[in-house]
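The next block holds one structure in the form of structure tokens; read it before the comments.
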Amino acid sequence: MSNKYLLNVSVGPVQEFIAEARKVRDLWVGSYLLSMLTYKALKPFMDNSDYDIIYPAYKTSPVYKRLNSQPVSDPDLLIASFPNHFLVSVPGTSLVTLIKSSHDECQQYWEEISESTKKLIQKDLDSIFNAIKGSSTPDKWDSLWENQIKDHWIYMWVALPVNEEDLKTNYQDCIKKIQRLLEERKMTRTFAQWHGSPAIKCTQYARRESMGPDDLAKNKIFWERSQDRFDATIRKGDRLCAVCLIKRFIKPEHFKINGLKDIRFQSTMDVAVKPYKELVNNLDDNIKKDFLDRVNNIRKIITPYKKEVANIDEIEGDFFYRDEMDEKRHLKEYAVKAADKSKLKEYLNVF
């Protein structure tokens, strides 16, 4: 066995995981989660000075500084500062043990995040599910949760035997070779066989099944009521899998970084309608009041649990798009009472 190895590790998936987003915050969470999982995978190597971490320059990371009691500003903690792969030089006798420790640290961190995030919604979703499932099914709303969580991350590694002379005289060739080996390794994936499920697919990532009842009609009711309960987090039409629920509900404290605060993002629609809100705000007060009244009349029907908006800036972006003010879409996405359908049509016609 060689006295030293170059070890190249990659944690993924990357692009598809980050792209599984409907809200701007989903994009940030995806990037930050991946960064923290890489940090955890790298931790066994950071904890021992005998291992030479070639890439990344981890000591400059705000997260590393904070977790090691070094001065760093709170805003800098919001930066996803770890890439999804790293390169280290390790003794040959420690290679297998280190790979296992690295993988286990990464997986354990993910499972802890899964569990702590799930606890936030467990009681409410249990209640919603039990109210609609009927007595004939023993299923749970989260029956697919563990399957979706346990094999989500792909931990890939390749190792190249080297000696001190190789690193001194043929360093670039060694790096090129091990990078090529990792790219070849990525051409294949090890995964557990999945036999499928009749459950409805996730609207954010259609390769995974959504949580809730398998029955389409009951699943729709489950998510409508979930949206009513978590209206600030679950959007209209959402039916989410376990991974997407984690990305949507995760809190700063789940990352276990002291001083990490939640970050608020405006939706892309809200950003797009800003000029129109400014335009309406410059109109006569009577016109603004009339517009607010129309908006609140519609909101009372489709989202009666929400309080009235008091000014133009509080109005959801949907109300500034003519295509969004469609009667069929509202009847499909909201549980509109039969007695209110004619009123809804009347109010929508003035937009």
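Read-outs: derived from the displayed coordinates by stated rules, not from any lab. Computed from a prediction, not measured in an experiment: that's the story for all the values here. With ideal geometry, Cβ positions are generated from the backbone for all residues, glycine too; neighbour counts draw on all protein chains shown.
Please work out whether region 1-99 counts as rounded, prolate or oblate from its C-alpha gyration tensor, where a ≥ b ≥ c are the square roots of the eigenvalues and a/c under 1.5 means rounded, while otherwise a/b larger than b/c means prolate and anything else oblate?
oblate
Ordered by residue, what ³J(HN,Hα) values in Hz, to whole numbers, does region 304-319 give under the Karplus form 6.51 cos²θ - 1.76 cosθ + 1.60, where θ = phi - 60° and Gly and Pro are x?
x, 7, 8, 6, 5, 7, 9, 8, 4, 5, 7, 6, 4, x, 3, 6
For a protection proxy built on the mean count of beta-carbon atoms within 10 angstrom, sort 86-95, 30-39, 272-281, 181-190 highest first, please.
Working: 86-95: 17.8, 30-39: 22.1, 272-281: 14.1, 181-190: 11.4.
Going from most to least packed, we get 30-39, 86-95, 272-281, 181-190.
Per the chain: cysteines with no other Cys C-beta under 4.7 angstrom?
Cys106, Cys174, Cys244, each lacking another Cys Cβ under 4.7 Å.
List every residue whose amide H lies under 5 Å from the amide H of Ile154, counting only residues 5 or more places away in sequence or on a different chain, with H placed 1.01 Å from N in the peptide plane.
Gly12
Need one word for region 37-166: rounded, prolate or oblate. Basis is the Cα gyration tensor (sqrt eigenvalues a ≥ b ≥ c); a/c below 1.5 gives rounded, then a/b vs b/c decides. All intermediate terms of the calculation are to be shown ahead of the outcome.
Working: a/c = 3.92, a/b = 1.90, b/c = 2.06.
The shape class here is oblate.
Can you tell me the dipole magnitude for region 172-225 around its Cα centre, using point charges on the Cβ only (Lys, Arg +1; Asp, Glu -1), in Debye to the nearest 20?
On the way: 12 positive and 7 negative charges, 43 e Å.
In debye, rounded to 20, region 172-225 gives about 200.
Taking K and R as +1 and D and E as -1, what net charge do the other residues with C-beta under 14 Å from the C-beta of Ala206 add up to?
+1
How far, in nm, would the chain grow between Arg264 and Ala57 when pulled straight, counting 0.36 nm per residue and subtracting the alpha carbon separation?
Once the chain is fully extended between Arg264 and Ala57, it gains 71.6 nm.
222 nm [θ] for the chain, helices only, -39500 (n - 2.57) per DSSP H run of 4+, per residue, to 500?
Here the helix-only value at 222 nm equals -15000 deg cm²/dmol.
Which FRET efficiency value, to the nearest 0.05, do you get for Tyr321 and Lys256 by plugging their Cβ-Cβ distance into 1/(1 + (r/R0)^6) with R0 = 56 Å?
E(calc), rounded to 0.05, equals 0.90.
Kindly point out which whole DSSP H helices in the chain project their C-alpha atoms 24 angstrom or further along the helix axis while averaging a Kyte-Doolittle hydropathy of -1.0 or above.
Once both thresholds are applied, what remains is 24-46, 95-132, 285-302.
Taking a ≥ b ≥ c as the square roots of the Cα gyration tensor eigenvalues, with a/c under 1.5 meaning rounded and otherwise prolate when a/b beats b/c, else oblate, which class fits region 242-351? Before the final figure, lay out each step's value.
Numbers: a/c = 2.51, a/b = 1.50, b/c = 1.67.
Cα axes put region 242-351 in the oblate bin.
List the residues, sorted by chain then number, that are 5 or more residues from Met325 or on another chain and whose placed amide H is less than 5 Å from its amide H.
HN-HN under 5 Å from Met325: empty list.
Using amide H atoms built in the peptide plane, which far-off residues or other-chain residues are under 5 Å from Ser210 H to H?
Under 5 Å from the amide H of Ser210: Ile200, Lys201, Cys202.
How far apart, in nanometres, would the label points at Met156 and Ala335 be if each is projected 7 angstrom from Cα along the Cα-to-Cβ direction?
So the two model labels end up 4.5 nm from each other.
I'd like the Karplus ³J(HN,Hα) series for region 73-83: coefficients 6.51, -1.76, 1.60, θ = phi - 60°, whole numbers in Hz, and an x wherever there's a Gly or Pro.
6, 4, x, 5, 5, 6, 7, 7, 9, 9, x
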